[in-house]
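The values are calculated or read from the model by the stated rules, or taken from the named source; none is laboratory data. Remember, it's a predicted structure, so these values are computed and weren't measured experimentally. Neighbour counts are summed over all protein chains in view; Cβ atoms, including those assigned to glycine, are modelled from backbone coordinates with ideal geometry. Just the protein is used for accessible areas: all its heavy atoms, side chains included, with ligands, DNA and RNA removed. Shrake-Rupley method; radii C 1.70, N 1.55, O 1.52, S 1.80 Å.
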Amino acid sequence: MALARNRRRDRGVDYWPGFVDALSTLLMAIMFLLTVFVLAQFILSREISGKDEVLTRLNTQISELTELLALEKGSKQDIEDTLANLQSTLAVSENERSRLQSLLDSGAGNNSAAAVRAGQLSGELEDARQAGTRASAQIDLLNQQIAALRAQIASVESALQASEAKDSSSQVKIADLGRRLNVALAQRVQELNRYRSDFFGRLREILSDRENIRIVGDRFVFQSEVLFPSGGNDLNPAGQAEMAKLATALIDLAKEIPAEINWVLRVDGHTDNVQLSGTGRFRDNWELSSARATSVVKYLISQGVPANRLVAAGFGEYQPLADGETPEARSQNRRIELKLTER
């Protein structure tokens, strides 16, 4: 019976070794999956940490770029667009990292999908690094441009300061020259006034204080009737005689006046307010007054007075000495005035 029992035991199936092998295989598979998950988590954590550092560095560079690139508005827009795209990419990566981290924490997902996504994420991070490198290169270029602009500004400021110093010195010199010029002009005016007084004194002597020749202010006045016929501009014999005396006095005075005083004798022609008919030799009083002044100047030149010391001007009836329509007022306004002045 014992032998029969042993035979029955030999004929039975022993399942325990197979169960142990299956359990061992399952445990190894689980350990392998856990190892893969841990390794993937470690790699993702390291990549995420590196990405955070890159993001921090990029944010710092972006902040510095924003402060330094005020003068580079055109390039700034392109850089801001690039950085915005980079931040968008990084934000997408950050969202994906959070999703994967959630999957890893909850134990969901599978190893192959995580590996594929990890590869994609690595590629995106590499693109982000390259974009960061390009941004850094652009930042360096802009920094160089800013440094060059600052150097140019410093050079311009130095030149401006030097110019201001020269301008200040020039202003001092100009003020001193102006003061000297005013003093010189005052001296010239005084000298000219002295010679004018001498000239008028001599004219009084040689013209014997005639009633129709008088001094008005700083001018010697001849009534037109002394020099010209009515309505004409040709000097009559009496006028020629008076102008010859004037020329003699003027030539003698020219010898005494220093050469540096640029003096002239201005001959002004004036008429009354009676309008001409326009059918005669002169169309209006402008032409008559100018022609009379020119006749006096030409006669003085013929008597030896230098032409560069004479000026002829016509004023018509528009500078009267006396107001009114009386014959006396009109007679006073018809005149030739002589004024010794500086050119």
Which numbered condition trips up ASP218, out of (1) touching a helix residue (DSSP H, G or I) at 6+ places or on another chain (Cβ under 7 Å); (2) open to solvent by 40 Å² or more (accessible area, probe 1.4 Å); (3) farther than 18 Å from ALA313 by Cβ? (3)
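Quick check on the stretch 129-165: of everything there that is β-branched (Val, Ile, Thr) and either surrounded by 14 or more Cβ atoms within 10 Å (Cβ to Cβ) or in contact with a His (Cβ under 6 Å, 6 or more places away or on another chain) (or both), which residue is nearest to GLU47 (Cα to Cα)? Explain how you work it out, then say what you get.
Restricting attention to the stretch 129-165, the residues satisfying the condition of being β-branched (Val, Ile, Thr) are 133, 139, 146, 153, 156.
Those still in the list that are either surrounded by 14 or more Cβ atoms within 10 Å (Cβ to Cβ) or in contact with a His (Cβ under 6 Å, 6 or more places away or on another chain) (or both) too: 139, 146.
Values: ILE139: 25, ILE146: 35 Å.
Restricting to residues being β-branched (Val, Ile, Thr) and either surrounded by 14 or more Cβ atoms within 10 Å (Cβ to Cβ) or in contact with a His (Cβ under 6 Å, 6 or more places away or on another chain) (or both), the top hit is ILE139.
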Can you confirm whether the stretch 40-62 contains a residue that is of a type in the set (Val, Ile, Thr), open to solvent by less than 90 Å² (accessible area, probe 1.4 Å) and at pLDDT 80 or above? yes
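Hey, does the stretch 101-115 have a residue that's at pLDDT 80 or above, open to solvent by 80 Å² or more (accessible area, probe 1.4 Å) and part of a helix (DSSP H, G or I)? Don't jump to the end; show me each part of the working.
Here is the first cut: in the stretch 101-115, the ones at pLDDT 80 or above are none.
Checking the stretch 101-115: not a single residue is at pLDDT 80 or above, open to solvent by 80 Å² or more (accessible area, probe 1.4 Å) and part of a helix (DSSP H, G or I).
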Of (1) without any contact (Cβ under 8 Å) to a residue 60 or more places away in the chain; (2) assigned to a loop (DSSP other than H, G, I, E, B), LEU321 satisfies all except one. Which? (1)
Failed condition for ARG266, given (1) charged (D, E, K, R); (2) in a helix (DSSP H, G or I); (3) closer than 18 Å to ARG335 by Cα; (4) open to solvent by 50 Å² or more (accessible area, probe 1.4 Å): (2)
Could you look through the stretch 325-343, keep only residues that are open to solvent by less than 60 Å² (accessible area, probe 1.4 Å) and either of a type in the set (Val, Ile, Thr) or out of contact with any helix residue (DSSP H, G or I) (no Cβ under 8 Å at 6 or more places or on another chain) (or both), and pick out the one that is nearest to PHE228 (Cα to Cα)? ILE336
Select from the stretch 219-263 the residues that are assigned to a helix (DSSP H, G or I) and touching a Gly at 6+ places or on another chain (Cβ under 7 Å) and list them in ascending order. VAL226, LEU227, ALA247, ILE251
